[in-house]
Every structure is written in structure tokens, then in C-alpha cells.
1. Which condition number does Ile339 fail, the rest of (1) of a type in the set (A, V, I, L, M); (2) under 19 Å from the mean Cα position of the chain (by Cα); (3) not in a helix (DSSP H, G or I) being met?
2. Being at pLDDT 95 or above and not polar (S, T, N, Q) is the requirement here; does Ala411 meet it?
3. Where residues in the range 80-117 are within 16 Å of the ligand (Cβ to nearest atom) and of a type in the set (Asp, Glu), which of them is most open to solvent (accessible area, probe 1.4 Å)?
4. Considering the range 118-174 alone, what residues qualify as being of a type in the set (A, V, I, L, M, F, W, C) and more than 16 Å from the ligand (Cβ to nearest atom)?
5. So Thr77 fits all but one of (1) under 21 Å from Leu159 (Cβ atoms); (2) more than 16 Å from the ligand (Cβ to nearest atom); (3) not small (Gly, Ala, Ser); what number is the exception?
6. Given Gln266, Gln296, which one is closer than 20 Å to Val69 by Cα, in contact (Cβ under 8 Å) with a residue 40 or more places away in the chain and open to solvent by less than 60 Å² (accessible area, probe 1.4 Å)?
7. Just one of Leu73, Leu90 is free of Cβ contacts under 8 Å to residues at least 60 places away in the same chain, under 24 Å from the mean Cα position of the chain (by Cα) and not in a helix (DSSP H, G or I); which is it?
8. In the range 8-66, what count of residues is obtained for those that are surrounded by 15 or more Cβ atoms within 10 Å (Cβ to Cβ), within 13 Å of the ligand (Cβ to nearest atom), closer than 26 Å to Gln91 by Cα and not β-branched (Val, Ile, Thr)?
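The values are calculated or read from the model by the stated rules, or taken from the named source; none is laboratory data. All of these numbers come straight from a predicted model, not from anything done at the bench. Reconstructed Cβ throughout: ideal geometry from the backbone, glycine too, with neighbour counts over all protein chains shown. Surface accessibility is based on the protein's heavy atoms, side chains included, excluding ligands, DNA and RNA. Shrake-Rupley method; radii C 1.70, N 1.55, O 1.52, S 1.80 Å.
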Amino acid sequence: QAAVTSNEIPIPSALSLYFHIPFCNSLCFFCACNKVVTRRTAVADEYMDHLYQEIQLQGALYDGDREVVQLHLGGGTPTFLTMSQIKRLLQKVDQHFLRSTNPNREFSIEIDPRTVIPESLESLKQLGFNRISLGVQDFDSNVQQAIHRIQPPEATLELLQHAKDIGFESINIDLIYGLPHQTFETFNRTLDLLMTTPPDRLSVFNYAHLPRRFPPQRRIHEKDLPSSEEKLNILETCIHWLTTAGYSYIGMDHFARPEDPLAQAQLNGTLGRNFQGYSTHTGCDQVGLGISSISQIGACYSQNVKELSPYYAATNHGRLSVYRGFQLSPDDEIRRQVIEQLMCFGRVNLNSALASTQNSPETYFAYELQVLEEMIDDGLLSIDDSNTIEVSPSGRFLIRNICRVFDVYAAPGSESRYSR
Ligand code: SF4
């Protein structure tokens, strides 16, 4: 129904497609993704057959002239697939959707450098991908052993250089801090090595050790984890290091070269943020395909089942495998806008956010403004007479806590759980 409604608005939004490829060759102990670890490449054939069926089902829901301006293969490990499987996937997309040829389109794929040789990058480029993201996490061999992800720096850097040489735009590198045996010295060495071939973007994620929730993490020994002080040290050093090297801090663990479209979008006010992260294509309807993937069509969110068997059963019966969904209320939409503005720009005008209502910030956000008082006292943000919240440089590193104040679904009291 949300898809039908989205076709009926005068100028329907462009589309963003996400494909979840859940397979991985081996298990990284820190991983919290929805994945299937196997060495049997044949299992992907069965999955892809069902994914093609879902492409057909989903494609039928949207008007044929709605351009796909964003397409992303994530996982798991998308490069678990053979090049011919990826090619066939895109052929299926072209049969049921309209892929944009605009130079601003973003067709990206997550790459596990352990599974890709430089020549494969050329094939991906020929297939239309213009952006890649390489999983690195850390170059230190002790860390790599402890997380069960052996990845020689030389091979990764060679791949990165080759991607640059053949003209991939916005090459992203994922790092993680807080992993076992990491210190700020080891992390600095990783950054030093990386800067011999500097990427366009860096995502530096915080490792959250939750072994009860994510069983693979039980293989990581708590005694090997850096202390909170060391983690903070790593993060501070990393931010200092990267900003000194000329990267812009976008926010929420993301850095980009000033000329990168992400940094440019932040400067010109067009940056967006959704459940997949920061985006230069705001306003797209997002269609998630494959197990566990999430769609967002207007104010409606839905998620596919997370297991293979119910996914196969649903598609075999010609049904989408959506198992849960959520329709935002007008209040949710206001809060989404406030949170997105804070995450993208560190600033939001509450009068503008409430423009479609008859309410003033003083009444509508009375509770939130009261909670923010403590953060104002701590120098994390300020609020001026026009009801504009401006997050301070130190507040940007606690942006999640600030945003949580406006999140009515967050655990009560969690907004004040930050370390001064
Ligand atoms: S980190 Fe990536 S490659 Fe490793 S198990 Fe998780 S999804 Fe697979």
C-alpha cells in the first residue's frame, strides 16, 4: 500500500535499492551482521534465484519510470558472489527497474579485500558500480588474529590503489576501534599505513562487546579488550589524526575528504541520514531486498524475514517476505526530522521542525528542552532565542546521546547516560 501511495504523489521520489547478500567465507568474531558462514559457493545460487523472484515482485510495485539513483550491495559479503552472479543480478534489476545513467548515481558494493583480486574491480566498474567500500577494521596482526580476520595490509592497499587508478569515486574504508589488543599506538600504525593510499571516506566504528546478544563475540576474550580510557584515547587520536590529515568530520564515526560528495553535501545542506547511514541522495524511497533488509517508503518502514527458509517459502509463493513494519505518526516524522538535522549538521531549528503544527517548541518539546539543560551546562550544545539548537565541537562526539533526547522509543533515562 505504501508503494502504491508513493507512485501517486505528483512527483514520485527516486528509488534506492539495497540487496543483502548474507554469505561469508569465514566468521569474524566481532561481527554483529546477519550472515551465513559457508564455504559452499553453490548455496548462493539458491539464494540468488529467490532474490530474482523478489526483484520481480518488488519491481511490479513501483512505476517503471521511477529512476534507481542509488543501488547498494551489502552483507555479509557481496563479493562472495561470482562476477557472473553479480552480472545476472544487475540484469534482473534492469528487467524490473530503471537504473539511472546520471553521473550522480551511486552504485556501490561492499568489498572484502580477502575475496577480491584487483582485476575483479575492473569487472565491477564495467557492470556500472562507481563506489566501493573496503572492510579493513585494523592492520595490526595481533588484532587480526584475535578477531579471526587475517588480511595482509599489502594486499588491501594494492586493491585500494588499483580502485583509485581505474577511477572508482568515493572509496570508503571501514575501521573499528575497541577491538582486542588495540592501543592507540597500534591504531595509529594502521592509520599511518592507510594514509600511504588515502581513501576518500573513512568509517571508524565503535566495537560494542555484547557476547550474549552476538554469539561469535564469545570468542573474544574480555581481558584483551582495551579499557574505556584507551578506547577514548584511540578515538580522540583518530579524530585528531584524520582532521589534521585534511579529512572533514561528517559526524557519527564518518570522515570524508573535503572534495568528496559527502562533505560537499554537508556544506551545502543536502546531506541526509537514514538507517543505512549518511546519504547524498535524500528523499529516495528505499527498497530493501534479501533477508533481513529494511525498506522505507515515505513514512512506512518494513523488514524482510531474517532466515533463509521463510524467505524462500514466501518468494516461492509469490509473496514478499516482510515480517514486520511500522508507520510513522506525525510526531515520529517531526522527531525524525529533528534527529536527522542534528546528525547531519549538528544544528536544528525547532520552530521550522514544528512549522506544520500549531505548536511552539516550549510546549511541544517541554520535556526535551528540560533534559537538554544538563547538556547545555556541560557545554555540549546551546539553544538561541530563535530555538536553534547548535551542537558544540565536544557535543558532536556525543551526538547519539543528544539525539536520543528526542527519541520517544529510546529506553527511559538513556539520554543522560553519557560520560562527562
Ligand atoms: S565482518 Fe563482514 S566478512 Fe566478517 S563475518 Fe561479518 S559480514 Fe562476514
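1. Answer for Ile339: the failing condition is (3).
2. no
3. Ranking the qualifying residues of the range 80-117, first place goes to Glu110.
4. The answer is Leu121, Leu124, Leu127, Phe129, Leu157, Leu160, Ala163, Ile166, Phe168, Ile171.
5. So Thr77 meets the others, but not (2).
6. Only one candidate qualifies: Gln266.
7. Result: Leu73 is the single residue among Leu73, Leu90 that is free of Cβ contacts under 8 Å to residues at least 60 places away in the same chain, under 24 Å from the mean Cα position of the chain (by Cα) and not in a helix (DSSP H, G or I).
8. 6
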